[in-house]
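The values are calculated or read from the model by the stated rules, or taken from the named source; none is laboratory data. For clarity, every value in this text was computed on a predicted model and none was experimentally measured. Glycine also receives a Cβ, built like all others from the backbone with ideal geometry; neighbour counts cover every protein chain displayed. Areas reflect the complete protein model, heavy atoms only, side chains present, ligands, DNA and RNA absent. Shrake-Rupley method; radii C 1.70, N 1.55, O 1.52, S 1.80 Å.
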Protein chains: 2
Amino acid sequence: MITRSEENYIKAILSINLEKNSIVLTNEIAKILETSAASVTEMIKKLQDKKLVIYEKYKGVKLSKAGRIKAFEILRKHRLWETFLVNKLDFSWGEVHEVAEQLEHIKSEKLTDKLDHFLNYPKFDPHGEPIPTKSGIIPSTKRITLSEMKINSEGIIMGVSLDNKEFLDHLTKISISIGTKIEAIDRIIFDQSMKIKINSKIEHVSKEIANNILIKVN
Amino acid sequence: MITRSEENYIKAILSINLEKNSIVLTNEIAKILETSAASVTEMIKKLQDKKLVIYEKYKGVKLSKAGRIKAFEILRKHRLWETFLVNKLDFSWGEVHEVAEQLEHIKSEKLTDKLDHFLNYPKFDPHGEPIPTKSGIIPSTKRITLSEMKINSEGIIMGVSLDNKEFLDHLTKISISIGTKIEAIDRIIFDQSMKIKINSKIEHVSKEIANNILIKVN
DNA sequence: AAAAAATTTTAGGCTTGCCTAAAAAAAGAC
DNA sequence: GTCTTTTTTTAGGCAAGCCTAAAATTTTTT
């Protein structure tokens, strides 16, 4: 049996690994989990005993095959629950993370599968992040940021790359949501802000916002 | 902050109290939670410090006002989640308990409220047990057991009074589910078994089964 | 009402997951 | 390449929630 705390470590290791694509250091885990480096070392040893990670003293840690499977399972559950909260319960983007963080630890394979079915096998969560399949495969799409869109081109909003409540609440306000069609109307060179068209309404977004909205083109 | 373990104790105290309607003894809690009497005593003291229970050494324990509110909150969540699992995810009666046992500890008032709304404010869970409202009121209905039905009378199945997997799975097999109309056709005096009509199909149920099916008449 | 039995509490220990401080190792500066 | 700084690990402690064994209290029996 894997404990909730162990799950959080495994999850942290996966997310760091996905980002920098190399061995994960003690301090990086400590930072994400807001814990001490000593606690991390301690836990890594337990995970090693359970064959969930491969660890070399002072060098860093990576997930074993079993650990990777477990980690993707948690990620899958997290993203399915986020999808449920937004699509079915009408949560806004900014509110889901904390709750999904709890729901991802519910242990029941049947529940996960039935939830997946109920949501109609979604490929992406409300932030546009891919949801791993049951067999652990991550769907991929080529996505660009809104900032990178060509003027006068069209795209579909696929998600965001920033998980900040104020940011997400603002998007909700200007009707930016997953699956919505978006058109790049103009770019103001001075501040890199943009004019866009959403639901045939023109909106103006700053560079900071445009940088964090993910678009699928074509 | 109330811990998961504390929540389980509070919940156990409520359920014992609802059943026998008097002060709750250490051993009764120990039995339900499958733990030692010593652990129960220890935890009761913690709950007393947090003003969730009123406790007198060697005499027993009961919930304080705050404790009762908390306990009903957990019960409410448990039964809402069971309803979700059966009505939306298509779980069978026998499968939901263990999962709901986990889900009831998710901390988010917003989640509970939105779930309640999504389920259309159900008054009873799939076992026919009343779901406490947000303000802690338990709806009540007059219900009788199938055994008590008059021959040739009709009723609606409201739930069961036994939470046993084999039992519930059997009910599923003979199409007995919440809200279904049922008609008492005949009673065999010898063994108190009954013939009933469900969805215009005749079924035969033993005394043991009839004792544990709850019916709303009229 | 005293003895026996059952229940409950206390005492002392264990594991998990966290902490700080100190020691060891690795990385960076000169 | 040695010295300094940073990172990581080890050592020792603490709270939560469990345990068993022994002591205290209550209940039952006779």
For a paramagnetic label modelled at 7 Å from the Cα of residue A:165 toward its Cβ, which residues of segment B:108-122 fall within the zone defined by backbone nitrogen distances under 20 Å? B:108-115
What are the membrane-span-like helices in chain B by this rule: whole DSSP H runs, Cα extent along the axis at least 27 Å, mean Kyte-Doolittle hydropathy at least -1.0? B:65-87
In whole µm²/s, the translational diffusion coefficient that Stokes-Einstein assigns to segment B:1-129, given a Kirkwood hydrodynamic radius over C-alpha pairs, 37 °C and 0.692 mPa s, equals 213 µm²/s
Label spacing, shortest first and in nm, from residue A:36 to its equivalents in the remaining copies (7 angstrom along Cα→Cβ): 3.0
Against the 2.2 N^0.38 Å rule of thumb, the C-alpha Rg of segment B:144-217 sits at a ratio of 0.96
At 1.4 Å probe size, put A:193, A:36 in order of accessible surface, largest to smallest. A:36, A:193
Compute the label zone of residue A:144 within segment A:173-188: residues whose backbone N is under 17 Å from the point 7 Å along Cα-to-Cβ. A:181-188
Roughly how many debye, to the nearest 20, is the charge dipole of segment B:66-218 about its Cα centre, given +1 on each Lys and Arg Cβ, -1 on each Asp and Glu Cβ, and no other charges? 540 debye
Based on the Cβ-Cβ distance from residue A:66 to residue B:152, what FRET efficiency comes out when R0 is 56 Å, to the nearest 0.05? 0.35
With all distinct Cα pairs included, what does the Kirkwood hydrodynamic radius of segment B:4-63 come out to in Å, to one decimal, could you say? 11.1 Å
In nm, give the distance between the simple-model label positions of residue A:204 and residue A:59, each being 7 Å from the Cα along the Cα-to-Cβ direction. 5.6 nm
Find, among the chymotrypsin sites (Phe, Trp or Tyr not before Pro) in segment A:1-80, those assigned to loop by DSSP (not H, G, I, E, B) with at most 13 other beta-carbon atoms within 10 angstrom. A:58
Dividing the helical contributions, -39500 (n - 2.57) per DSSP H run of n ≥ 4, by the residues of chain B yields a 222 nm value, nearest 500 deg cm²/dmol, of -13000 deg cm²/dmol
Along the charge dipole of chain B, Cβ charges K/R +1 and D/E -1, which of B:179, B:13, B:213 sits furthest on the positive end? B:13
Across the Cα atoms of chain B, what radius of gyration and what greatest pairwise Cα-Cα distance (Dmax) are found, in Å? 19.3, 58
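Treating only the Cβ atoms of Lys and Arg (+1) and Asp and Glu (-1) as charged, compute the dipole magnitude of segment A:4-63 about its Cα centre; round to the nearest 20 debye.
160 debye
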When the charge dipole of segment B:76-140 is computed with +1 on Lys and Arg Cβ and -1 on Asp and Glu Cβ about the Cα centre, the Cα farthest towards its positive end, among B:137, B:99, B:86, belongs to B:137
Charged-residue dipole, Cβ positions (Lys, Arg, Asp, Glu), the protein assembly as shown about Cα centre, Debye nearest 20: 140 debye
Phi-derived 3J(HN,Hα) across segment A:181-190 with the Karplus relation (6.51, -1.76, 1.60, θ = phi - 60°), rounded Hz, x for Gly and Pro, is 7, 9, 10, 7, 9, 7, 10, 8, 4, 3
Sort out for me the Cα centre separation of segment B:28-73 from segment B:164-218, rounded to whole Å. 38 Å
For residue A:59, place a label point 7 Å from Cα along the Cα-to-Cβ direction in every copy; what are the distances to the other copies, in nm, shortest first? 6.5
The protein assembly as shown -> Rg/Rh from Cα coords, Kirkwood Rh, value 1.05
Total Lys pairs in segment A:144-217 closer than 12 Å by alpha-carbon, pairs eight or more apart in sequence or interchain only? 5
For chain B, with every protein chain kept in place, what is the accessible area per residue (1.4 Å probe, Å²)? 54 Å²
Placing the label point 7 Å from Cα along the Cα-to-Cβ direction, what are the distances from residue B:133 to the equivalent spots in the other copies, shortest first, in nm to one decimal? 4.8
What figure, in Å² to the nearest 10, do you get for the accessible area of residue A:187 with a 1.4 Å probe and non-protein molecules left out? 50 Å²
Under-5 Å amide H pairs with residue B:215, H placed in peptide plane, nonlocal only: B:144, B:145, B:146, B:158
